[in-house]
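Written below as structure tokens is the structure these notes are about.
Values in this text are rule-based calculations from the coordinates and carry no lab data. As the structure is a computational prediction, the values presented were derived from the model and not from experiment. Glycine gets a Cβ as well: all are built from the backbone with ideal geometry, and neighbour counts include every protein chain shown.
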Amino acid sequence: MSQEKFAFHLDKNFTIGTIFLIFFILFVSTTMVFAQNGTPPTDNEVNAIAKDLYCPVCENTPLDVCPTVACAQWRDMIREKLTAGWSKEQISQYFVDQYGDRVLAEPPKRGFNWLVYVLPPIFFLGGCILVYKNLRKFKNQKPGVDSGNMDKNDPYMQEVEEALQLMNRKDQGN
Amino acid sequence: MENPEETKKTLPRWAVVTAFVVLLGFLGILGWGLKNAQQGPVKVGQPVPVFNLTTFDGQVVSTSDLKGKVIVVNFWASWCKPCEQEAAELEEAWQSYRESDQVYFFGVDYVDTETQAKKYIEKFNITYPNGPDLRTSISQLFRITGVPETYVIDKNGNLANAKIGPYESLAEIKQMIDPLISE
Amino acid sequence: MLTNLGFGSLVITFALSLYGIFAAIYGERKNLYRFVESARWAMLLTFPMITLVTLCIIGLLVTQHYEVQYVYNVTSQSMPLYLKITALWGGQSGSLVFWAWLMSAFASAVTLRKWNRDRDFLPWVIVVCLVTLAFFLSMIILFENPFQRFWSTSGGQQIVAMFQPAGSQLIIPADGRGLNPLLRHPGMVIHPPMLYLGFVSFVIPFAFGIAALITGRKDDRWIRLTRRWTLVAWMFLSIGLVLGSRWAYDVLGWGGYWAWDPVENAAFMPWLTGTAFLHSVMIQEKRGLFKRWNMILVILTYSLVIFGTFLTRSGVLSSVHAFAQSAIGPMFFAFIGITFLVSLALLIKRWNDLNSEGQMNSLLSRESLFLVNNLLFMGVLAVVFWGTVFPLISELFTGQKVTVSAPFYERSTGPLFAGLLLLMGIAPLSAWGHSTWKTLGKAMWKPGLLSLLVLIAMVISGIRSFGALLGLWLTSFVIFVTLYEFWRGMIARHRRSGENYFTALIRLAARNRRRYGGYVIHLSIVLMAIGIIGIESFQTQTQAKLIPGESLQLAGYTVTYESLAEFDVQDGRNVARAVLNVSKNGKNLGELYPRRDYFYDSQQPMTIPGVRSTIEDDLYVILVNWEEISTNGATFKVFHNPLVNWLWFGGILLIFGSFIAAWPDPEKGLQLESITKSRQSAVSSSISAD
């Protein structure tokens, strides 16, 4: 694909010259792509890309299911870009450049945003360590109380047993 | 979670302190966020930071080059119906100030598609510089709450007044700009 | 008239709750029981008072007093009567009143119980409930007064005020703005009350927990007293969440049921801590462990309830569910801060008193597995909490708005939920105190083998998605384990008593409601999991523009576009309704009517899907777009959602299970009382020994 090189410029330095050049090339390539395969992109192809992009003005709504007029226009834009032969990544990048990171389903993995990916696992790991420290102690201990499996299904026996356990503990406690 | 073997041990001081620091830190962030959410648009009289607009024809206009002029920043979008009410009047106002070279107009196209935006500009014959709000940075600068909104910056670079919603008439636009020119 | 009556009652209730707080504290400090008793009466009296306030608002809504701002904002003439009544919780101030009403109902119900043996708790339970209530009432009176009216001053200005400003005239608009169309759905009518009920009833266990902390009682009495409240709270919250999902599925028209929206998460977080709490209190009851942890959980749950309300109502996060930005944000913020800090300080003060009475003996004991269960719930909470607040934090520090949505949550919580399913299969088989691999294996191998057969069958049937295979295998494991537990109990009872199998089963469940109710709830969760795995892993979709007579295919279904009509309806809607014919394998299955409603008064469109629902799958059709002249084409989006109905079945079963588990049982109640009595004396003797 001839445009890929230019789209790369679009990412790196967003200068007027490149934009101009891109639009020129795009214009030319639009006609070229049409000449190549002739069929406009289907709704499903558009939706496949819109699904992973989020509406820039609504909250938490993927573009493919957003009912507003603005979203319909954005879907049309995806269609235009597809017709122009852009890849999914190029279209996503274009959306990010135009409307900011919020169009992505997740924050891009760089800088400050790493926090969103790193903190919950750290927290969870901390919890694991706490639990492990609690559990480790008992490995070598003899089973103290064993309610056992017998009569497990008889509620009355269970109650009795529980009461017994309590008494035991009380004796131990004092 | 506790440690049953050391049940008599008191809670270490560092744990208490950490618990409170984390909690207060979080509350602080929350409070800060709340303050931001509630502060509304920029205040009249405050200096407006410098920003650039990349127009649809590829020029970059910076407010730093426009010192000493009155700047009108209008936020709009092609999907915005109320914006159409004021579009013709804004253009008319621009035409009337254009000669004097005292007033500059910015049309900032808020989250829009280029195709539709260009159609809109053509439909209302808009000639002042218009460009997309790339990465919504300009709208975040002004903390706009919707479109249309219009902000007028005086010759010293301070926000002179703001209009939320569409202008009703040409006179209303002029009323906001004229006093600033003679300053 | 009604406005003044309502506002007056509101102010009196507020004064009443303030009085109750002071009387309770004074009575407790000075040991004057009649003051505590008086505070109790004050709390009881708040209920009829707020009922009166609520009735005033409903009266205004039904009689179309559009000069009242709240009535103007949420109703219009074209709305049916039931919607006018339920508009009570359709807006910010009304829903706050409704919240307060439920709160006082629950608080009053609590004070009606016999307090003989728990007299020391009473003043503090009153204080916590009334502080919460007074806070909500003050929000209503100061910032969100539902009785404010429109006035036109002599200067011609239009203002909103409670009392008539000097020289002004009342403005009476001819019609109101009408309820947000998204909320005009039967699901939406019951969804908020259920959520609020869940939120409000979690205040009760919290109040008892705080009372236990203040009084320094370190036994598990507070847990036993609030067990039912917790279960009921949990049930309402669950129903609220399921109904909310159903509403999203029916009304929002995007083929899904859960968007991980900040407000959904805000309701989900107390559910997570509440579920963890329900499990871990059992460890304290049975083994005397984790007293501190239970306190932390109940404090966390309460704080998350208030935090959720804050997120929804302060405008700090934007969301489809959010109420309009409001002045109550800072007050809520202060309230969260103060309650959380005070609870934490109390907990730290009592930290050393809340030591464990026993020890953990085995890695595989039920308490150890419950501990892991709690760890996993906290893991999910960490993900959801952090994902919800991260956009806010990111915007503050980097100035960039970011979205944290479904893929993030699904990826991070998926393994944790899988772990929870696995535990759900193992934990019921392990014993309190001590279990070994041998005893566990003995209990587990039969259901395990059956579930492996299911797994093999699934692989043969062509399912290749790893997540779906793992999830469905785990769900089948839990189902077999749970049914096997019922089966074993039934057989044991049948052998012992000679009852027939059915009677044995019923009696078994009746004798041990908590346990078998819990199993039914487990089954219901598993059914929901099946629905969720089905729609998440196997959902397919397609979209096409059709002209009448044309059809599209999806998952074996053929959908044929027949016609489209656009018309106005009496209640102020413009409806575009398409008629589609659905068939499968040449068999005609009937028609679907996806439509788009446009509400003139609020200028909002709504996409209502046409859904054909079976046990196996849903066919879900959305009308995306159409040409003005109906002879031309219309665009449809079609979703195939396998197994999604199990989600709703699970929801119904969950209610059933909760009722079994929470139903009062006089006989068993007595037994429990005697046990706790002996335990209580044990504790008090140990205290006196100190």
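Placing dummy labels 7 Å off each Cα toward the beta-carbon, the span from C:I141 to C:I547 is 6.9 nm.
Sort A:C66, A:C128 so the one with the fewest other Cβ atoms within 10 Å of its own Cβ comes first.
Numbers: A:C66 22, A:C128 13.
Least crowded to most crowded, the residues run A:C128, A:C66.
Taking 4.7 Å between C-beta atoms as the pairing limit, the protein assembly as shown has these partnerless cysteines: A:C128, C:C56, C:C129.
Cross-linked pairs A:K81/B:K69; A:K109/C:K545; B:K123/B:K163; C:K30/C:K218; B:K81/B:K155; B:K118/B:K163: Cα-Cα separations exceed 27 Å for A:K81/B:K69; A:K109/C:K545; B:K81/B:K155.
Using C-alpha pairs below 8 Å separated by at least 6 residues, the relative contact order for the stretch C:541-645 is 25 percent. Where the centroid of each part is defined by its Cα atoms, how far is the stretch C:184-251 from the stretch C:524-539 in Å? Computed from Cα coordinates, the inter-centre distance equals 24 Å. Once the Cα-Cα distance is subtracted from the 0.36 nm per residue extended length, the C:F656 to C:Q169 segment shows a gain of 169.8 nm.
The fewest-to-most ranking of B:V50, A:V57, C:V404, C:V579 by surrounding Cβ atoms within 10 Å reads B:V50, C:V579, A:V57, C:V404. With contributions of -39500 (n - 2.57) from each DSSP H run of at least four residues, the per-residue ellipticity at 222 nm computed over the protein assembly as shown stands at -20000 deg cm²/dmol. If the segment from C:K349 to C:M1 were pulled out straight at 0.36 nm per residue, it would be longer than the present Cα-Cα gap by 120.2 nm. Dividing the convex hull volume of the alpha-carbon atoms in the protein assembly as shown by its residue count gives 207 Å³ per residue. Let me check I've understood the local charge: for C:S613, count other residues with C-beta under 12 angstrom from its C-beta, Lys and Arg +1, Asp and Glu -1. What total comes out? With Lys, Arg at +1 and Asp, Glu at -1, the net is -2.
Extending 7 Å from the Cα toward the beta-carbon at both B:V44 and B:A19 defines two label points whose distance is 5.1 nm. Compute the Cα gyration tensor for the stretch B:37-183, then decide on rounded, prolate or oblate, letting a ≥ b ≥ c be the square roots of its eigenvalues: rounded whenever a/c is under 1.5, prolate when a/b is larger than b/c in the other cases, and oblate in all that remain. Rounded is the answer for the stretch B:37-183, as its axis ratio a/c remains below 1.5.
Against chain B, whose longest principal axis is taken from its Cα atoms, helix B:114-123 shows a tilt of about 30°.
Any chance you could run the full-extension gain for C:L18 through C:T436? It's 0.36 nm times the residue separation minus the Cα-Cα distance, nm to one decimal. Each step should come with its number before you reach the end.
On the way: separation 418, 0.36 × 418 = 150.48 nm, distance 5.53 nm.
Extra length available between C:L18 and C:T436 comes to 145.0 nm.
Once the Cβ-Cβ distance between C:V342 and C:I463 is put in as r, and R0 is 45 Å, what FRET efficiency do you end up with, to the nearest 0.05? Intermediate results must be reported in sequence, preceding the final value.
Values: r = 52 Å, r/R0 = 1.16.
The computed FRET efficiency comes out at 0.30.
When GluC sites (Glu not before Pro) are flagged only if DSSP places them in a loop and at most 14 other Cβ atoms lie within 10 Å, the longest unflagged stretch of chain C comes out as C:1-549. Taking label positions 7 Å along the Cα-Cβ direction at both B:E84 and C:A109, the computed distance is 5.4 nm, reported to one decimal.
Over the stretch B:52-181, Cα pairs under 8 Å with separation of 6+ residues give a relative contact order of 34 percent. Placing a label point 7 Å from the Cα of C:E566 along the Cα-to-Cβ direction, the residues of the stretch A:52-84 with a backbone N closer than 18 Å are A:67-70, A:72-73.
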